[in-house]
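Asks: There's a structure below that I have some questions on.
Values in this text are rule-based calculations from the coordinates and carry no lab data. Note that this is a predicted model, so its numbers are computed, not measured. FYI the Cβ positions are ideal-geometry reconstructions off the backbone, even for glycines, and counts take in every protein chain you see.
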Amino acid sequence: MEEGNSNKTIVMGPQFCSPQPLQLFIKKKVYFMGGHGYEVKDDYGNLVFTIENVLGFFRSKLIVFDAANVPILTLKSKKFSWHSRWQSFKGDSTDEKDLIFSAKTSSKFQFTRKLDIFLANNISEQVCDFRMKASYRESNCHIFAGQSSTLIAQMDKKYTTGSIFLGRDKFMVRVNPNVDHAFIVSLLVILEEMASSGNSSSTHSSSP
C-alpha cells in the first residue's frame, strides 16, 4: 500500500490505476428480503466491482469483490468513536494488521459532510492523506489529495423514480488518470453508508 508512485495515487494496488480518465457507475441494490449491496460498472456496462453487505451478530460489514469475485477489501464502521469513523482492511479481513485506511468526519457537527482519510501508516493523523467534501444530501462529492485543492475524483448522484421509491440510488464517478479507482469507489460507498445510517450525528463519547 502506498500513496503516490511516478505521479500515481495508489492505495489498493497499481492494477486499479488507469492511464486514462475513468468514468464508473455505482448502483445501490436493496434486496427484497432485506440487506443491500452495490454494483459498479464502466462506460461499456462491464462489471468492475460488487459490494455486498454481510450481516453480523453485532454489526454488519461490506466486502468489495473485483470482477473475478475475489474479495479485495472489507469496510466496516468503528463503534464508539467520537467522530463517525470507518475502516478499510485487505481482502475479507478485519484484523488491525490488515488495515489500509480510515475515514472519519472532520468535525462532530457539520452541515455538509466532510471526511478526512488517513492511510494506515499515518499513525499520528495530524494531517489527512485525502479529504472528501460532499454537498447537502450527498448529491455530489469531490475528493482531494491531502489538504490541497488537487481534485482526484468527483461524484454526481443521479436521482430516478427507482431511487426515490426503491432506494436504488445511482452514482456517477469520474476518476482522474492514474488514480486508484478501487480506493475511490470504497470512499463513496462509505459516504453513502454514513448518509443512510445517520452516523454523522453519533454522540458516542469515546475517543476516535
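Asks: Amide H to amide H, which residues 5 or more places from Ile100 or on other chains are under 5 Å from it, using H placed in the peptide plane?
Replies: The answer is Ser88, Phe89, Lys90.
Asks: I need the calculated FRET efficiency for the pair Ser149 and Lys8, taking r as the beta carbon distance and R₀ as 25 Å, to the nearest 0.05.
Replies: Using R0 = 25 Å, I get an efficiency of 0.80.
Asks: Mind listing the phi-derived Karplus ³J(HN,Hα) values for the stretch 14-21, rounded to whole Hz, using 6.51, -1.76 and 1.60 with θ = phi - 60°, and x for any glycine or proline?
Replies: Values per residue, Gly and Pro as x: x, 5, 9, 10, 9, x, 10, x Hz.
Asks: Calculate one ³J(HN,Hα) per residue across the stretch 140-148 by plugging θ = phi - 60° into the Karplus curve 6.51 cos²θ - 1.76 cosθ + 1.60, and present them in order as whole Hz with x for glycine and proline.
Replies: Whole-Hz 3J(HN,Hα) from phi for the stretch 140-148: 8, 8, 10, 10, 10, 7, x, 8, 7.
Asks: Under a 5 Å amide H to amide H cut-off, with H placed in plane at 1.01 Å, what residues pair with Ile72 once short-range neighbours are removed?
Replies: Val64, Phe65, Asp66
Asks: Full-extension gain between His142 and Ala195, please, as 0.36 nm times their residue separation minus the C-alpha to C-alpha distance.
Replies: 17.5 nm
Asks: Which distance in nm do the two modelled labels at Met172 and Ala67 give, with both placed 7 Å along the Cα-to-Cβ direction?
Replies: Roughly 2.1 nm, to one decimal.
Asks: Quick check: residue separation of Ile123 and Val30 times 0.36 nm, minus the Cα distance between them. What number comes out in nm?
Replies: The Ile123-Val30 span can extend by a further 29.9 nm.
Asks: Pairs Lys97/Lys133; Lys28/Lys170; Lys8/Lys114; Lys104/Lys133; Lys61/Lys114: which are spaced more than 18 Å apart, C-alpha to C-alpha?
Replies: With Cα atoms farther than 18 Å apart: Lys97/Lys133; Lys8/Lys114; Lys61/Lys114.
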